[in-house]
Every structure is written in structure tokens, then in C-alpha cells.
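**Q** Pasting a structure below so you can have a look.
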Amino acid sequence: MAWNQPGNNGQDRDPWGSSNNNGSNSGGNNKGGRNRGATDLDDLFRKLSQKLGGLGGNKGGNGSGQNPKFGGRLIGLAAAAAIAVWVVSGFYTIKETERGVVTRFGKFNHVVQPGLNWKMTFIDHVRAVNVESVRDLATTGAMLTSDENVVLAEMNVQYRVTDPAAYLFSVTNPDDSLRQATDSAVRGVVGKYSMETNLTEGRTIVRNDTQKVLEETIRPYNMGITVVDVNFQAARPPEEVKAAFDDVIAAREQKQQTIREARAYENEVLPKAKGEAQRIIEDAKAYKVSAVLNAKGEVASFAKILPEYKAAPEITRERLYIETMERVLSNTRKIIANEKSNNMLLLPLDQIVKDQAQVQQNTSSNTAVQKIIRQNQSTPQRESNTYGGSDNLRGDTVRMGRP
């Protein structure tokens, strides 16, 4: 019988082929044993068919036909296969450099990590976002500087996605929003400085300020993006004034080169001047010490001579005069005049002394030694002839030198 048919007195039939009335099965055990295997499977598929829409058989019939049984079995197998396919199709893999953003019925649900994951097909949707790679974004254009000049600037921004969910759902197009924010930041920073600063020594300052302004601009939007670096690619004047600006740059470089050369010369000359000044100071100190010591020595010498001077003033005075003249005349050229004639004699005693020193140093040269000896031997004869036979050369010298 079919499930819960009226012929069963309103009682539910056991799906395994048995009845709730034990007495009615006492005489038909063999017949129930033969049909139990087939009826049990038919009843199971029939129940499933009824739950899926009543396609497993006719509720008012006797259930003895074969087509309803076959149709219910086929639909059950198809449903089981569909469930298996649905389960298997839900497995997916996220790469190591990516994170998966799962949306359920279009609404954000959670973020999955790299590896093998499972989702409910037709219910969940997964979008993989690369969070490791560094992305580039470039902006360029003509910008106005603070001194009302136009400069062509190119800026490159490197960024990375750090929050996949915010990157996908906080703004409509995060890359385009970042491009607009970068363009605004670059124009604002370039407009703060002069053209010369933007093109020459201020490039580093412009780059740092641009990165700071860009980070402050995108922070309220929570775009899930982190700025890694900002590079000032190029900055140049318009083509109409490029030649004149190149001349300015060349003049500035020449100025810097001249300054460097002047500093190098200063570093070379200044230590020498300081050393020379220090040497002069040390020489002056040494001369001071020498002069003081010589003065003290002379004072001590005069103190020793004083008793002799008191005993014989004339003799002591004469001796001091002779010693002084000997010391003075030994370092100067001598011109001796004879009172009896108009002849004058120059005695180059310093030259003679030098020649004698040279003779001692060059003893290996016999020719030079003989020449110097002949010169030294001829000098006294000229003195004797000039003085007309004067016997006391020193006495004449002393006599003429007195006041």
C-alpha cells in the first residue's frame, strides 16, 4: 500500500514494510519478507519525492505502478549529485600574496587567509586582492609656483594595499581617488615654493612635503592603502624659457665651483700662514730670551771689569775699545786710507774667510787649493806697497778709527 492509504484503516504504514497490527502479519510473514527490500527503497524515494513536490507517485493510487518508482529514484539521484557538485564547487585557493574578501548576497562578510578555503556557491562570492606587491601611480602636469612661474613636474607614488575590505568597499575607485589626491598634493606643494627651489636644491623638500600632504589627505577616507614612497621624477621649465633657464643653471654651477676653489685655496694657505705666524712668534720669544741673557751677561762682565777699571782706567778703556773694534770690524768690509798718500785699500776679509772655508771643504781639488793659496800670498804684498812700507797695520787702523 501507499503511504497512509485509507485501506490501512487510517494507520500509518511502517516504511520498512511492516504494519502496526501484529495479528495481521502473523499469516503473511513470507510474503512480507519477499517484498521488504523493494518496498523499503520505494517508500524512501517516495517520501523524498513527496517532500520535493509530490512527483514520486499518485497519492490516491495503489502505488503498484513501476513508472512512479523509477521517476522518484532518478530525481533522488539527481538531487544527491547536485548537492555533491555544489559542495565540491565551493572549494577554492587563495595565493600567498593575496587575501580573499568574501561577500554573502553582495554584503561583506569576512576576509580569508591564503590556502584552501570553502564557500557556499551561488551564495558567497570571493574577490582576491594582492596585498604584497607595490603598485605605481604617476602624475604629471604644468604647475604654478609661488613666484608665478610655470614648471612641468612629474611625480611617482608607490603604494600597497594593507586592508583589502576597505580597499574594495570604502570608496568606489581607490586607485582613481589616490591619483586625484596625489595631483592635488603635488600642485599644493609645488605652489608653495619658487621655481628655482622646485628645479634645484629644493627637490627633496618638495618630495617629503608631498608625501606628508598625500598621507593626510587619504587618511579620512580609509581607503585601505599605505603610501610607501613618493619620487620626484622630473621638474623642468617650459620649452619657451628652457634656454634662458639653462644659462642660469650654468652660471649658478660656475658660482659654486668658484666658491669651492676659493675654499680649497683658503684651506691650503691659511694653515701655512698660521704656521708662519707661529714661527715668527717663537723666533721673537727666542730673541727676547737671548737678548735678555746677553744683557745680563754684559752686566755681569762689566761688573767684573769694574774693579780693574777703577785700578787702571786708561788701560781698561783702551782694551775695551780695541776689543769692540775688533768685534765690529771682523764682520764688515774694511777701507783703509793712508794719510801720506791718496791711495785707499779695500780688504775683503769676509771673502777671504769664505775662500778659506771653501778650500777646506774642497781639499780634493788641487787646482782650487793652489789658486786660493796664490791669492792669499799676493794680498799682503799689495797692502805693503799701498801703505808705503808701513810696519804697524793694526796701529794705523786703531789710530785712524779713533775719534
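**Q** Over the stretch 193-336, what percent of the accessible surface lies on carbon and sulfur atoms, probe 1.4 Å?
**A** 59
**Q** Highest first, please rank the peptides 159-170, 289-300 by the mean number of other Cβ atoms sitting within 10 Å of their residues.
**A** 159-170, 289-300
**Q** While we're here: What FRET efficiency would be calculated for the residue pair Thr93, Asn208, taking the C-beta separation as r and a Förster radius of 41 Å, to the nearest 0.05?
**A** 0.50
**Q** Please find the FRET efficiency linking Arg179 to Asn231, where r is the Cβ-Cβ separation and R0 is fixed at 25 Å, and quote it to the nearest 0.05.
**A** So the FRET efficiency works out to roughly 0.95.
**Q** Can you give the Rg and Dmax of the stretch 223-314 based on its C-alpha atoms, in angstrom?
**A** 36.5, 118
**Q** What ranking, highest mean first, results for peptides 219-226, 276-283 when packing means the other Cβ atoms within 10 Å averaged over each residue?
**A** Output ranking for 219-226, 276-283: 219-226, 276-283.
**Q** Quick check: at a probe of 1.4 Å, how many percent of the accessible area of the stretch 78-159 sits on carbon and sulfur atoms?
**A** 59
**Q** At 0.36 nm per residue, and after removing the present C-alpha to C-alpha distance, how many nm does the segment from Ala84 to Thr332 gain when stretched out fully?
**A** Result: 76.2 nm gained on full extension.
**Q** Where in the stretch 69-127 are there chymotrypsin sites (Phe, Trp or Tyr not before Pro) that are in a DSSP coil and have at most 13 other Cβ atoms within 10 angstrom of their Cβ?
**A** Phe105, Phe122
**Q** Quick check: residue separation of Val126 and Lys272 times 0.36 nm, minus the Cα distance between them. What number comes out in nm?
**A** 44.7 nm
**Q** Treating only the Cβ of Lys, Arg, Asp and Glu as charged (+1, +1, -1, -1), what charge dipole size does the stretch 79-216 show about its Cα centre? Round to the nearest 20 debye.
**A** Once rounded to the nearest 20, the dipole reads 720 debye.
**Q** Provide the per-residue ³J(HN,Hα) series for the stretch 74-86, in order, calculated from phi with Karplus coefficients 6.51, -1.76, 1.60 and θ = phi - 60°, each as a whole number of Hz, with x at glycine and proline positions.
**A** Along the stretch 74-86, the couplings run 5, 5, x, 5, 5, 5, 5, 5, 5, 5, 5, 5, 5 Hz.
**Q** Give me the accessible area per residue for the stretch 248-329, probe 1.4 Å, as a whole number in Å².
**A** Here the per-residue accessible area is 85 Å².
The values are calculated or read from the model by the stated rules, or taken from the named source; none is laboratory data. Just so we're clear, the structure is a prediction, and the values are computed from it rather than from any experiment. Heads up, the Cβs are rebuilt from the backbone with ideal geometry, glycines too, and the neighbour counts pull from every protein chain shown. We work out accessible area using only protein heavy atoms, side chains counted, and drop any ligands, DNA or RNA first. Shrake-Rupley method; radii C 1.70, N 1.55, O 1.52, S 1.80 Å.
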